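**Student:** First the structure, then my questions, so here it is.
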Amino acid sequence: MKKEEHEEKVFHSIPFDFDFEEFAHSMHIPSGGEMEEGAKRLVNSVLPRTRPKAIYRVSYITERSKDTIVLDNVKFASAFLSEALFEVERVFSYVATCGIELDEAPVDRNDLMVDYCIDALKDMALAAARKFLENYLKEEYRIGKMGSVGPGTGEFHFWPIQQQKELFSLLGDTQKLIGVTLTESFLMIPNKTVSGVFFPSEVNFEVCAFCSRENCPRHKARYRGDRFDPSSSHEHLLPRRIEVPE
């Protein structure tokens, strides 16, 4: 059954296919030793309570200008966002999270190794939630390629993080629905949570291309944000035309 317009859809039971070998490799845990055994005991104790979650809403662009767009009567001031969505009418506003359960796990938070392992688990759970949602949207709405961008990603002035408040207003009571809280400083709790909009894209749009942070382990694209001038016309840079090789 298709989701009704202007209603949130929530996923509470997102599959989390945990691979200990992948986990141990990412954590640089040597095999066959006491450290590995300790990590296995920790994982076995907290994995059953891991609950990645996501929420999304179909949103339509009802107004647009060079430096603003309006999604379902909520205004966003961002020339970068306006250009990214230049040929788009429908987007999917969303929040995906690792879930609050790992923060509430009865483990020794004074043990740095335990805290490090929990943080890595949260990263993996968040990745599972976001990928699940992306795949669901592609299948449900018959979309080929999709791009994604969120407040605070890329350079800070492209889509200011302060507009988390407007984005969250589209999604209802996220704390009640998926346990995610937006703080007064516009950060999200749990910390392993992402928000933004998915949108159809004919090219491989990567927001990494608009972030100048060096030595980022998640960086996927060469920086091109120096070509973007928010005071310029749409002809200066159209993110939809920036294709990142597969």
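**Student:** So ILE143 fits all but one of (1) assigned to a loop (DSSP other than H, G, I, E, B); (2) under 24 Å from PRO190 (Cα atoms); (3) under 19 Å from the mean Cα position of the chain (by Cα); what number is the exception?
**Tutor:** Only one criterion in (1) assigned to a loop (DSSP other than H, G, I, E, B); (2) under 24 Å from PRO190 (Cα atoms); (3) under 19 Å from the mean Cα position of the chain (by Cα) is unmet by ILE143, namely (2).
**Student:** PHE86 passes all but one of (1) in a loop (DSSP other than H, G, I, E, B); (2) farther than 26 Å from LEU137 by Cα; which number fails?
**Tutor:** Unmet condition: (2).
**Student:** Here's a follow-up. Exactly one of (1) farther than 20 Å from PHE23 by Cα; (2) surrounded by 15 or more Cβ atoms within 10 Å (Cβ to Cβ); (3) of a type outside the set (S, T, N, Q) is unmet by ALA105. Its number?
**Tutor:** (1)
**Student:** Now, a different point. Between residues in region 16-34 that are more than 20 Å from VAL46 (Cα to Cα) and residues that are loosely packed, with under 11 Cβ neighbours inside 10 Å and modelled with pLDDT under 90, which pairs lie under 9 Å by C-beta distance while being six or more apart or on different chains?
**Tutor:** That search, which allows pairs on different chains as well, returns SER31/GLU21.
**Student:** Does region 146-171 hold any residues that are touching a residue at least 40 places away in the same chain (Cβ under 8 Å) and under 11 Å from VAL95 (Cα atoms), and which are they? Spell out the reasoning first.
**Tutor:** Within region 146-171, the subset touching a residue at least 40 places away in the same chain (Cβ under 8 Å) is 146-151, 153-155, 157-160, 163, 166-171.
GLY150, LEU167, PHE168, LEU170, LEU171, listed by residue number.
**Student:** If I go through region 150-174 residue by residue, how many of them are β-branched (Val, Ile, Thr), modelled with pLDDT of 90 or more and under 29 Å from ASP17 (Cβ atoms)?
**Tutor:** 1
**Student:** Looking at (1) over 27 Å from THR181 (Cβ atoms); (2) out of contact with any helix residue (DSSP H, G or I) (no Cβ under 9 Å at 6 or more places or on another chain); (3) not aliphatic (A, V, I, L, M), which is the one condition that is false for ASP72?
**Tutor:** All conditions are met except number (1).
**Student:** Another question, then. Enumerate the pairs (first residue in region 91-111 and under 11 Å from ARG49 (Cα atoms); second residue anywhere and loosely packed, with under 15 Cβ neighbours inside 10 Å) with beta-carbon separation below 6 Å, excluding pairs fewer than 6 apart on the same chain, so at least 6 apart or on different chains.
**Tutor:** Short answer, once both residue conditions are applied: GLU101/ARG49.
**Student:** So, in region 89-126, exactly how many residues are within 28 Å of ILE69 (Cβ to Cβ) and in a helix (DSSP H, G or I)?
**Tutor:** Pass one, region 89-126, residues within 28 Å of ILE69 (Cβ to Cβ): 89-97, 126.
Retained after the next criterion (residues that are in a helix (DSSP H, G or I)): 126.
Total satisfying the criteria: 1.
**Student:** Go through region 48-72 and give me each residue that's charged (D, E, K, R) and either in contact with a Leu (Cβ under 8 Å, 6 or more places away or on another chain) or loosely packed, with under 12 Cβ neighbours inside 10 Å (or both). Walk me through it before giving the result.
**Tutor:** Keep residues of region 48-72 that are charged (D, E, K, R), which gives 49, 51, 53, 57, 63-64, 66-67, 72.
Hits for region 48-72 are ARG49, ARG57, GLU63, ARG64, ASP72.
**Student:** Would you point out the residue of region 14-47, among those that are among the aromatic types (Phe, Trp, Tyr) and not in a helix (DSSP H, G or I), that is surrounded by the fewest Cβ atoms within 10 Å (Cβ to Cβ)? Explain how you work it out, then say what you get.
**Tutor:** In the first step, residues of region 14-47 are kept if they are among the aromatic types (Phe, Trp, Tyr); the result is 16, 18, 20, 23.
So of that shortlist, the ones also not in a helix (DSSP H, G or I) come out as 16, 18.
Working: PHE16: 18, PHE18: 13.
Result: PHE18.
**Student:** LYS75 versus (1) surrounded by fewer than 16 Cβ atoms within 10 Å (Cβ to Cβ); (2) of a type outside the set (S, T, N, Q); (3) not in a strand (DSSP E or B): which is the lone unmet condition?
**Tutor:** Of the numbered conditions (1) surrounded by fewer than 16 Cβ atoms within 10 Å (Cβ to Cβ); (2) of a type outside the set (S, T, N, Q); (3) not in a strand (DSSP E or B), the odd one out for LYS75 is (3).
**Student:** Name the residues in region 78-100 that are surrounded by fewer than 20 Cβ atoms within 10 Å (Cβ to Cβ) and within 22 Å of LYS131 (Cα to Cα), would you? Steps first, please.
**Tutor:** Step one: list which residues in region 78-100 are surrounded by fewer than 20 Cβ atoms within 10 Å (Cβ to Cβ), which gives 86-90, 100.
Hits for region 78-100 are VAL88, ARG90, ILE100.
**Student:** Related question: Return the total of residues in region 104-144 being modelled with pLDDT of 90 or more and charged (D, E, K, R).
**Tutor:** Number of matching residues: 10.
**Student:** Out of region 154-169, which residues are crowded, with 19+ Cβ neighbours inside 10 Å and within 20 Å of SER59 (Cα to Cα)?
**Tutor:** Matches in region 154-169: TRP159, GLN163, GLN164, LEU167, PHE168.
**Student:** I need a count of the residues in region 113-129 that are over 19 Å from the mean Cα position of the chain (by Cα) and under 17 Å from MET188 (Cα atoms).
**Tutor:** Adding up the residues that qualify gives 0.
**Student:** Which pairs turn up if I take residues in region 181-197 that are basic (Lys, Arg) and look for partners that are in a loop (DSSP other than H, G, I, E, B) with beta carbon separation below 9 Å, at least 6 apart in sequence or on another chain?
**Tutor:** Final answer for the pair search is LYS192/CYS98; LYS192/GLY99; LYS192/LEU102.
The values are calculated or read from the model by the stated rules, or taken from the named source; none is laboratory data. All of these numbers come straight from a predicted model, not from anything done at the bench. Quick reminder, even Gly has a Cβ in these numbers, built from the backbone with ideal geometry, and neighbours come from all protein chains shown.
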